[in-house]
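A short reminder: the numbers here are calculations on the coordinates, not readings from a lab. All figures in this text were calculated on a predicted structure; none of them were measured in a lab. Here the Cβ positions follow ideal geometry from the backbone for every residue, glycine too, while neighbour counts run over all protein chains shown.
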Amino acid sequence: MKRAASSALLILLVISVLSLGVVHDTRAQTFCTLTIKTEPCSGWATDYGTTIPSPGINTYPNGTVVDVIAHPIPGWYFDSWILDSMYNVTTEGNTITITMNSDHVLIAIFNPIESPQPPTTPPVTPPPTNNVTLTVLKFCFKPVTYPYGDISPDVGTYTVPVGTNMTFTAIDATPPFMFYSWNFNGQEIFGNTTTVTVTADSVLYAMFL
């Protein structure tokens, strides 16, 4: 009887010792999500690039280190990352490394490659003409309404470049009328023929008596 009781006690003691060596891990494995999106910098394009891993919701054990690579399509280039609303995250090229210690949202921004444009040719501005006018008139000191004399070139308004020389000749009409003088911008000039230099808008009178 004593021997049976001793054996039972020994068995219980062995079970107790063995149970002390068993470690019960009650910690549950935790996971984090990485939500990946792609967007154009501006505009409404629908195809501009993708990522590896693919855009969407990706789940990783807590503490996992994840590399995400951006791949633009032809005609586009990778611009920047936005991680958890933080713009222009510093990365090495198209790759970003994220430690999954919490949930994250990552956005890859793509931009279109500008097509080279031919150089624009500035419009050619013509040089200023610097034209002036010469108004030529006739005047008779006698109150008459019929012809009293002619000049050549005839009366009128002439538009000429600055500095133009113009020559005019007075032709006497039938007596009793005769040519008297020229008046160029208030300066009296005698002689039937005169040459004037037009440097500004001017007036030339042919004076008859």
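Taking other residues whose beta carbon is less than 14 angstrom from the beta carbon of V105, and scoring Lys, Arg as +1 and Asp, Glu as -1, yields -2.
Residues whose amide H falls under 5 Å from that of K138, counting only those 5 or more places apart or on a different chain, are A206, with hydrogens built in the peptide plane. For I82, neighbours were defined as the other residues whose beta-carbon sits under 12 Å from its Cβ, and their charges (Lys and Arg +1, Asp and Glu -1) total -2. Here the mean projected area of the convex hull built on the C-alpha positions of segment 131-208 is 4.7 nm². Computed 3J(HN,Hα) for segment 31-39, one whole-Hz value per residue from the Karplus formula 6.51 cos²θ - 1.76 cosθ + 1.60 where θ = phi - 60°, is 10, 10, 10, 10, 8, 10, 10, 10, 8, glycine and proline marked x. Residue-wise HN-Hα couplings along segment 57-72, as the Karplus relation 6.51 cos²θ - 1.76 cosθ + 1.60 with θ = phi - 60° gives them from phi, are 9, 10, 10, 9, x, 4, x, 5, 9, 10, 9, 10, 10, 8, 10, x Hz; Gly and Pro carry x.
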